[in-house]
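Read the structure below first, then the notes.
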Amino acid sequence: MDSAICFSFLAFLSLLFFVIKIRFERYKRVNVPPGSLGLPIIGQTLEFAKAMRTDRGEEWLQERARKYGPISKVNIFGKNTVFLTGPVHTKFVFSYNEKMLSSQSPETFRRLAGSSNIMEMTGEDHKRLRGAIWTFLKPEALKQYVEKIDQEIRLHLNQHWHHNHHILVMPLMKKLTFDVICTLIFGIERGERRDRLVKLFEQVMEGILGLPINLPFTRFNRGLHARSKARSIVMELIREKREKLQNHDEISNDLITTLQVVSNSIYN
């Protein structure tokens, strides 16, 4: 019996080695960019997530660009990925043909942002959403947002930036960014609901930077719970804005309202 088990184990190891060797030889013949894929499965996920949490994400990416050039390979979130940097390569990606490239987000992003997020959309759905966002970002519309952004910045500076005490710049800049997003995208005034949504979004972002392991007390698990709560707040907000549109009440000039107006014009 022991001999049979030992023989089976050796046969399994031999088969595993053979499979790995074939994959490695096939991989060597493929013309892939320079770079390192890091540890199996994990890749560079942990070091990338650490850099992002310590606000060194840009530094980490630029270090790779200096080491391997503007095009390199990297393994993040369990996926072999090609990393591109520079305006030429960025233009190539954003002007892609759907037959050449397709969007494929990491598992954590797809599950936390939802399968219908703009990064996952293709074809006519993507064109409609992109057109609606362009309506929101037209030059004449942007002029109206400058005053709102200015108000948010002034309130933020008066509330948080005082003399005679230490200031943690990065957390405050994140808070300011979320405040501007809540104003321009969601149209949420300052108050308890906005504060709750900001905290939930922070937990979702933490989950995106974690491994896709849905176990209690993991960042990904907390991110999923935060996403569910944030979704409830946003859905309630959408219902309120829809009722205002139907009743012809005064509406705010935010992205959600713009999307609803465009949607009504398409389907009515």
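Key figures for this structure:
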| read-out | value |
| --- | --- |
| Number of positions in the stretch 153-205 that are over 26 Å from the mean Cα position of the chain (by Cα), of a type in the set (A, V, I, L, M) and not in a helix (DSSP H, G or I) | 1 |
| Extreme residue, nearest to Gly207 (Cα to Cα), among residues of the stretch 43-79 that are among the aliphatic types (A, V, I, L, M) and surrounded by 18 or more Cβ atoms within 10 Å (Cβ to Cβ) | Ala49 |
| Residue that is surrounded by the fewest Cβ atoms within 10 Å (Cβ to Cβ) [pool: residues in the stretch 30-42 that are of a type in the set (A, V, I, L, M, F, W, C), over 18 Å from Pro212 (Cα atoms) and touching a residue at least 24 places away in the same chain (Cβ under 8 Å)] | Val32 |
| Any chance Asp150 is at pLDDT 70 or above, of a type outside the set (Phe, Trp, Tyr) and not in a strand (DSSP E or B) | yes |
| Hits in the stretch 179-198 (condition: of a type outside the set (Ser, Thr, Tyr) and in contact (Cβ under 8 Å) with a residue 24 or more places away in the chain) | Asp179, Val180, Leu184, Ile185, Phe186, Gly187, Ile188, Arg190, Arg193, Arg196, Leu197 |
| Hits in the stretch 59-104 - residues which are closer than 28 Å to Lys174 by Cβ, modelled with pLDDT under 80 and not in a strand (DSSP E or B) | Phe77, Gly78, Thr85, Gly86, Pro87, His89, Thr90, Val93, Phe94, Ser103, Gln104 |
| Pick from the stretch 222-241, criterion in contact (Cβ under 8 Å) with a residue 24 or more places away in the chain and within 13 Å of Gly187 (Cβ to Cβ), ranking: surrounded by the most Cβ atoms within 10 Å (Cβ to Cβ) | Lys241 |
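The values are calculated or read from the model by the stated rules, or taken from the named source; none is laboratory data. Just so it is clear, the model here is predicted, and its values are computed rather than measured. Please note: Cβ atoms are built from the backbone with ideal geometry, for glycine as well, and neighbour counts cover all protein chains shown.
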